[in-house]
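The values are calculated or read from the model by the stated rules, or taken from the named source; none is laboratory data. None of the values given here were measured: they were computed from a predicted structure. We place every Cβ from the backbone using ideal geometry, glycine too, and count neighbours over all the protein chains shown.
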């Protein structure tokens, strides 16, 4: 089964007349070492989000405005990955992940990104930020933007995201 290529990524590639193929590459079998990992610097869990709420630290909800408001319980075409309750984690700023890219799929300039994340969402250098979405895939994009394009040192991705939070008993929710 070949991976699905996002249309937003292929627009620029096609516009530049770059080569395309449907050929599936074949690679020889090999062994790779398994390094020890500690993802705590980049990955947030439910307990980390709870502590973040208590400290009034910034949260960025990268879902669509409809998901953020609670109007939608899941992304269109993904009903199996929804939550029982709609809304967002209290105090989270809503910055849909795709705002960081242009129509051709390239990232916006650092100044444009700063205007979105700092000017609109109120983030500032030195903040300890947790980004989330539905299952952590869209928020990983925002994690990359904040970490590598804007240089934030303390950014974590809550990969349990709304699927976990929206299904938690007694978890606080805003609508």
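Only one entry of 143, 97, 162 meets the criterion of being under 22 Å from residue 11 (Cβ atoms) and buried (at least 18 other Cβ atoms within 10 Å of the Cβ), and that entry is 97.
Among residues of the stretch 27-43 that are under 24 Å from residue 157 (Cβ atoms), those with a beta-carbon under 9 Å from a residue that is modelled with pLDDT under 95 and surrounded by 10 or more Cβ atoms within 10 Å (Cβ to Cβ) at least six positions away or on a different chain give the pairs 43/136; 43/159. Residues that are surrounded by fewer than 16 Cβ atoms within 10 Å (Cβ to Cβ) and closer than 17 Å to residue 120 by Cα within the stretch 65-80 comprise just one, 65.
Would you check if there is a residue in the stretch 57-73 being farther than 13 Å from residue 93 by Cα and touching a helix residue (DSSP H, G or I) at 6+ places or on another chain (Cβ under 6 Å)? There is at least one residue in the stretch 57-73 that is farther than 13 Å from residue 93 by Cα and touching a helix residue (DSSP H, G or I) at 6+ places or on another chain (Cβ under 6 Å). For residue 109, the criteria (1) surrounded by 10 or more Cβ atoms within 10 Å (Cβ to Cβ); (2) in contact (Cβ under 8 Å) with a residue 12 or more places away in the chain hold in every case but one, which is (2).
Residues checked against (1) more than 20 Å from residue 43 (Cβ to Cβ); (2) over 16 Å from the mean Cα position of the chain (by Cα); (3) in a loop (DSSP other than H, G, I, E, B):
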| residue | (1), (2), (3) |
| --- | --- |
| 105 | yes, no, yes |
| 130 | no, no, no |
| 135 | no, no, yes |
| 144 | no, no, no |
| 147 | no, no, no |
| 169 | yes, yes, yes |
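Table: residues versus (1) surrounded by fewer than 16 Cβ atoms within 10 Å (Cβ to Cβ); (2) more than 30 Å from residue 14 (Cα to Cα); (3) modelled with pLDDT of 95 or more.
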| position | (1), (2), (3) |
| --- | --- |
| 32 | yes, yes, no |
| 61 | no, yes, yes |
| 82 | no, yes, no |
| 88 | no, yes, yes |
| 91 | yes, yes, yes |
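Can you confirm whether residue 122 is within 25 Å of residue 72 (Cβ to Cβ), surrounded by fewer than 16 Cβ atoms within 10 Å (Cβ to Cβ) and over 13 Å from the mean Cα position of the chain (by Cα)? For residue 122, the condition - within 25 Å of residue 72 (Cβ to Cβ), surrounded by fewer than 16 Cβ atoms within 10 Å (Cβ to Cβ) and over 13 Å from the mean Cα position of the chain (by Cα) - is met. Just one of the numbered conditions (1) crowded, with 18+ Cβ neighbours inside 10 Å; (2) modelled with pLDDT of 95 or more is not true of residue 48: (1).
Restricting to the stretch 137-161, and then to whatever is modelled with pLDDT under 95 and out of contact with any helix residue (DSSP H, G or I) (no Cβ under 7 Å at 6 or more places or on another chain), can you tell me which residue is nearest to residue 53 (Cα to Cα)? The residue in question is 159.
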